[in-house]
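Novice: Below is the structure I would like to discuss, written out as structure tokens.
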Amino acid sequence: MPQPVRITDTTLRDGHQSLLATRLRLEDMLPIIDKMDRVGFHSFEVWGGATFDSCLRFLGEDPWERLRALRRAFKNSRLQMLLRGQNLVGYRHYPDDVVAAFVRKAVSNGLDIIRIFDALNDTRNMRKAIEVTKEAGAHVQATVVYTTSPIHTVDHFVEVARELAAMGADSICLKDMAGILDPYTAHTVVGRLKAEVGLPVQVHTHYTSGMASMALLKAVEAGADVIDTAISSLALGTSQPACETMVAALRGTPYDPGLDLGLLGEIAEYFREVRKKYAEFDVAPPGVDTNVLRYQIPGGMISNFISQLSQQNALHRLTEVLDEVPRVREDLGYPPLVTPSSQIVGAQAVLNVLAGERYRMVTNEVRAYLRGLYGRPPGPVNEEVRRKIIGDERVVEGRPADELEPGLPEARKLAAPYMEQEEDVISVALFPQVAIKFLQERLARRTGVDYALLEEARKNGPAHYPA
Ligand code: CO
């Protein structure tokens, strides 16, 4: 029996991360939350992904304080975040003590649902986060990352989802970060997940290639329980499909989510005005990115190539680089092209083209990847390439985080002079330099104490902290 589909609104996380370089400030969210809270969304994605880093690095906002403020403002709705498995909200593996502390605080500060993924679909990199999320009493939404390659068959996606179900997931997210999921594949994958895994299925996609609202429609027909959309004024382009479009398309059908288009229109109007304030970050060309359709390479990656190659006066070699990407990806066992593997593959493809010989120059990240430090590649790596790059260095076969020493003790020492809350230790464990600078500036703002004195205090320890 077809059921009404439910909708997660991504405006306050992926919407502005995709369109406004993750710069949306809390002050521009709060005035509209009362209205958003009344719509009847399944949940709001408001935290995680790049927002944590962006708060500390660019906005001078405490991400934990943002979460608490959102929790206070949303009185009736579930809140959710995006968590990069053992990478949390950063770009490298963190030790288990940091993962556990982060997840516990994320839940105690107000999150109801944690969406957990790993860029390689290596479920070992998700195990700790899943465990702690469950212990903390939040909903575990475990994620299957979608990509295209000879390895990434429908059977593979179902297999990953089954593993996640066995690990205790409460629901499964099919996540298409690049916006390359076509409608008929969406129908097939969602249908199989629904039939064979036995958990609710949520679909996340991006509009980049122009197929996303069709993909969501077919996913709904195949039984998807929840879909991700953004409010129209922060939708489309590299963001999610527009909420209002899906609501209108499903109206009067058994899938009708029953949301009020009038209320959604008022929210859209609000964000249309807000968006103007962020014009300097709002630079992506609107419409469909045809390169994504041609090369199946995420839009962000291609714009990175253009800027890297321009700096080296080598823009005329763009086509060679785009052709090299699938070859590097094959050598590395077909990693999905998402953070951080898109950067790893992309940087190496540029080196392979510009250095005149493949793998003559190699990034540290490719070396670490081939040593197993990001996890198990989806398919077999090219052993000849591996030997050329790491020789007979040891390859880590186990879970990469098992190689790491606990991270909280050192972070606590660094944070001590400026600490106002336990969460500060976690921020420092994640982004040591950026977080320390943020904590110093926060303290300077509150106390009027000179920044240089704070630096001095840091060297001398808490006992010498200026009054
Ligand atoms: Co996304």
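The values are calculated or read from the model by the stated rules, or taken from the named source; none is laboratory data. This one's a predicted model, so the numbers in the text were calculated from it and none came from an experiment. Methodologically, a virtual Cβ is constructed for each residue, glycine included, from the backbone with ideal geometry; neighbour enumeration extends over all protein chains shown. Surface accessibility is based on the protein's heavy atoms, side chains included, excluding ligands, DNA and RNA. Shrake-Rupley method; radii C 1.70, N 1.55, O 1.52, S 1.80 Å.
Novice: Give, to the nearest whole percent, the P(r) tail of region 317-395 beyond 20 angstrom, counting all Cα pairs.
Specialist: It works out to 22 percent of all Cα pairs.
Novice: Given a Förster distance of 51 angstrom, what is the FRET efficiency for Glu273 paired with Arg412, based on the Cβ-Cβ distance and rounded to 0.05?
Specialist: Details: r = 43 Å, r/R0 = 0.84.
Rounded to the nearest 0.05, the efficiency is 0.75.
Novice: If you don't mind, another one. Take Asn364 and Asp323, extend 7 Å from each Cα along the Cα→Cβ direction, and tell me the distance between the two endpoints in nm.
Specialist: Modelled inter-label distance: 3.3 nm.
Novice: Could you state how much accessible area Asp182 has, in square angstrom rounded to the nearest 10, with a 1.4 Å probe and all protein chains kept in place?
Specialist: 40
Novice: Among Met29, Ser233, Ala415, whose Cα sits farthest toward the positive end of the charge dipole of the chain (+1 at Cβ of Lys/Arg, -1 at Cβ of Asp/Glu, about the Cα centre)?
Specialist: Ala415
Novice: While we're looking at this one, here's another question. Roughly how many whole Å is it from the C-alpha centroid of region 93-152 to that of region 223-238?
Specialist: That distance is 22 Å.
Novice: List nothing, just return the count: lysine pairs in the chain, 8 or more apart or interchain, with Cα separation under 22 Å.
Specialist: So the count of such lysine pairs works out to 16.
Novice: What net charge do the residues around Asn109 carry, taking every other residue with its C-beta under 12 Å from that of Asn109, with Lys and Arg at +1 and Asp and Glu at -1?
Specialist: Details: positive: Arg66, Arg68, Arg71, Arg72, Arg104, Lys105; negative: Asp62, Glu65, Asp112, Glu422, Glu423.
Every neighbour counted, the sum reads +1.
Novice: While we're on this one: Taking amide hydrogens as modeled 1.01 Å from N in the peptide plane, which residues meet the under 5 Å criterion relative to Thr238, leaving out close sequence neighbours?
Specialist: none
Novice: Between Thr188 and Arg445, what FRET efficiency follows from the Cβ-Cβ distance if R0 is 56 Å, with the result rounded to 0.05? Before the final figure, lay out the partial values.
Specialist: Values: r = 54 Å, r/R0 = 0.96.
Between Thr188 and Arg445 the formula returns 0.55.
Novice: Could you pull the accessible area for Cys55 with a 1.4 Å probe, rounded to 10 Å²?
Specialist: For Cys55, solvent-accessible area is about 0 Å².
Novice: If you take every residue apart from Gly346 with its C-beta less than 11 Å away from the C-beta of Gly346, what net charge results, scoring Lys and Arg +1 and Asp and Glu -1? Display every interim value, and only then the final one.
Specialist: On the way: positive: Arg329; negative: Glu324, Glu365.
Residues close to Gly346 contribute a combined charge of -1.
Novice: Now, a different point. Can you give the Rg to Rh ratio of region 244-289, both from alpha-carbon atoms, with Rh computed by the Kirkwood formula? Don't skip to the answer; put the middle values down first.
Specialist: On the way: Rg = 14.5 Å, Rh = 12.8 Å.
When Rh is taken as the Kirkwood radius, the ratio is 1.13.
Novice: Work out how far the C-alpha atoms of the chain reach from end to end along every principal axis, then list the three figures in whole Å, largest first.
Specialist: Extents along the principal axes, in whole Å: 68, 58, 47.
Novice: Multiply the residue gap between Arg294 and Arg71 by 0.36 nm, knock off their C-alpha separation, and tell me the result in nm, one decimal place. Intermediate results must be reported in sequence, preceding the final value.
Specialist: Details: separation 223, 0.36 × 223 = 80.28 nm, distance 4.19 nm.
In short, 76.1 nm is gained.
Novice: What residue among Gln17, Leu216, Val385 has its Cα farthest toward the positive end of the dipole of the chain, where the charges are +1 on Lys, Arg and -1 on Asp, Glu, each on the Cβ?
Specialist: The residue sitting most towards the positive pole is Gln17.
Novice: To continue, here is another question. Considering only the other residues whose Cβ falls under 12 Å of the Cβ of Gly407, what net charge follows from Lys and Arg at +1 and Asp and Glu at -1? Working shown, then result.
Specialist: Details: positive: Arg92, Arg412, Lys413; negative: Asp96, Asp97, Glu405, Glu410.
Computed value for this residue: -1.
Novice: Per DSSP H run of at least 4 residues, take -39500 (n - 2.57); add these up for the chain, divide by its residues and hand me the 222 nm value, nearest 500 deg cm²/dmol. It would help to have the intermediate numbers written out before the result.
Specialist: Numbers: 21 runs with 216 residues, N = 467.
About -13500 deg cm²/dmol.
Novice: How long is the gain from Arg78 to Gln311 if the chain were fully straight, where each residue apart is worth 0.36 nm and the alpha carbon distance is subtracted?
Specialist: Full-extension gain reported as 79.4 nm.
Novice: Additional query: Just want to confirm a number: the relative contact order over the chain, from Cα pairs under 8 angstrom separated by 6+ residues, in percent.
Specialist: Numbers: 846 pairs, mean separation 74.3, N = 467.
Rounded, it is 16 percent for the chain.
Novice: Taking the Cα centroid of region 37-53 and of region 175-214, what is the distance between the two, rounded to the nearest whole Å?
Specialist: Taking the Cα centre of region 175-214 as reference, the centre of region 37-53 is 20 Å away.
Novice: Starting at 0 and stepping by 5 Å, how many percent of the alpha carbon pairs of region 1-151 end up in each bin?
Specialist: 2, 9, 18, 22, 20, 15, 9, 3, 1, 0
Novice: To continue, here is another question. Which longest run of the chain has no exposed loop site in it, a site being trypsin sites (Lys or Arg not before Pro) in a DSSP loop with at most 12 other beta carbons within 10 Å, and the site itself not part of the run? Walk me through the numbers before you get to the answer.
Specialist: Numbers: sites that count: Lys75, Arg360, Arg394.
Longest run free of exposed loop sites: 76-359.
Novice: Take the Cα gyration tensor of region 250-379, multiply each eigenvalue by 5, square-root it, and list the three semi-axes largest first, rounded to whole angstrom.
Specialist: Its equivalent ellipsoid spans semi-axes of 38, 21, 14 Å.
Novice: Related question: What is the gain in length, in nm to one decimal, between Arg251 and Glu27 on full extension, counting 0.36 nm per residue of separation less the C-alpha to C-alpha distance?
Specialist: On the way: separation 224, 0.36 × 224 = 80.64 nm, distance 3.35 nm.
So the extension gain works out to 77.3 nm.
Novice: Moving on. Restricting the calculation to Cα positions, tell me the Rg (one decimal) and the Dmax (whole number) of region 184-272 in Å.
Specialist: 13.3, 42
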